[in-house]
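Student: Once you've had a glance at the structure underneath, I'll fire off some questions.
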Amino acid sequence: TNRGPLVVVSRSHPNLLRRLFELEVPEISNGAVELISIAREAGFRSKVAVAARQKGIDPVGCCVGLRGIRIQNIVNELSGEKIDVVMWSPDASAFITSALSPAKVLSVEINEDAAAAIVPDGQLSLAIGREGQNVRLAAKLTGWRIDIKSASEAEAEAKARPLPAETEEAAAVGGELAGEIPAVEEPVSIDIEEVGEEEVGEPLEPIGVEVPPLTSEPKVAAEKAKIRFTEEIMIPQPIKPGAKSKKKKKKGAPGKGSAEDGIKIKKLRRTPGTIELNGEDEEY
């Protein structure tokens, strides 16, 4: 301009806070303490991560000062802006835990692109902050997307989630069952007309096999055919009248029959030199 160069001063730039720390903390200016990262919402709240380059130095204590004199001077310069000084750590879980202060963090679960911080039920609102200011500044300071969960909510999710050992056992059992099940062969339809003559094999020669003659049925079958029912066997047959008289005659003359039998036997045993006279044999 006609009056000279125009200087624009910003009180919301993060480097303003960095230069104020360098003026108030001599350990930062001489290099014993380093400001790693700064997250700021101008006029409301800021978070600063510091680390010590020398052993035996407390970086947070150096920035706060005795009874908070150093940090109080910076707050007054920024018109009462709240400033949180936290310890930087190469471990992401420890760094996120300190970045969420003043809330107490029970555990931090790190995933590929996000981190889940579990806090007590009574400090859930403190960890989130007014309108999410605390968790938002912690995410800017650490470079991680942070999800805040209460302890009760984390326990409920853990119970609903299956254990990895159970899933491995189920998978192993499923694989064994799948191996035991035989594969079902699907029928394949073949068009006979499309099959060429070359593909058809030569007819097989008849194999001479001597077939033994069939044996006759066992005698048991023939005997079974002769078996008759008891009713047929037990049918009473008519008695002939002449049979009794013959039996009586035979019984009445036992001597006659025996004598005739004796004569017949003698006739059969007769020699050429014997002659029969009146029923008696005489030899000459």
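The values are calculated or read from the model by the stated rules, or taken from the named source; none is laboratory data. Computed from a prediction, not measured in an experiment: that's the story for all the values here. Counting neighbours? That spans all protein chains shown, and the Cβs are built from the backbone with ideal geometry, glycine included.
Student: Under the condition of being part of a helix (DSSP H, G or I) and among the aliphatic types (A, V, I, L, M), which residue from region 94-111 is surrounded by the most Cβ atoms within 10 Å (Cβ to Cβ)?
Tutor: The selected residue is Ala99.
Student: Give me the helices (runs of 4 or more DSSP H) completely within region 1-93, filtered to those with at least 2 residues that are modelled with pLDDT under 95, acidic (Asp, Glu) and not assigned by TED's automatic domain parsing to the domain that holds Val108, ordered by residue number.
Tutor: By residue number, 14-24.
Student: For Ala94, indicate whether it is of a type in the set (A, V, I, L, M) and out of contact with any strand residue (DSSP E or B) (no Cβ under 7 Å at 6 or more places or on another chain).
Tutor: Against the criterion (of a type in the set (A, V, I, L, M) and out of contact with any strand residue (DSSP E or B) (no Cβ under 7 Å at 6 or more places or on another chain)), Ala94 qualifies.
Student: Considering region 64-79 alone, what residues qualify as being over 23 Å from Ala127 (Cβ atoms) and not acidic (Asp, Glu)?
Tutor: Once the filter is applied, which keeps residues that are over 23 Å from Ala127 (Cβ atoms) and not acidic (Asp, Glu), region 64-79 yields Gly65, Leu66, Arg67, Gly68, Ile69, Arg70, Gln72, Asn73, Ile74, Asn76, Leu78, Ser79.
Student: May I pose another question? For region 112-127, indicate whether the set of residues that are touching a Phe, Trp or Tyr at 6+ places or on another chain (Cβ under 9 Å) and part of a strand (DSSP E or B) is non-empty.
Tutor: Checked region 112-127: at least one residue is touching a Phe, Trp or Tyr at 6+ places or on another chain (Cβ under 9 Å) and part of a strand (DSSP E or B).
Student: Here is a further query. Any idea which of Ser125, Ser98 is modelled with pLDDT of 90 or more, of a type in the set (S, T, N, Q) and either more than 25 Å from Val25 (Cβ to Cβ) or in contact with a Pro (Cβ under 6 Å, 6 or more places away or on another chain) (or both)?
Tutor: Ser125
Student: Restricting to region 17-33, what's the tally of residues that are more than 60 Å from the chain's Cα centre (by Cα) and surrounded by 19 or more Cβ atoms within 10 Å (Cβ to Cβ)?
Tutor: Total satisfying the criteria: 3.
Student: Right, next: Among the residues of region 102-149, what is the count of those that are more than 22 Å from Arg45 (Cβ to Cβ) and aliphatic (A, V, I, L, M)?
Tutor: So the answer is 5.
Student: Here is a follow-up. Look through Ile74, Ile38, Ile28 and report the one residue that is of a type in the set (Val, Ile, Thr), closer than 23 Å to Lys140 by Cβ and in contact (Cβ under 8 Å) with a residue 60 or more places away in the chain.
Tutor: Just a single option satisfies the conditions, and that option is Ile38.
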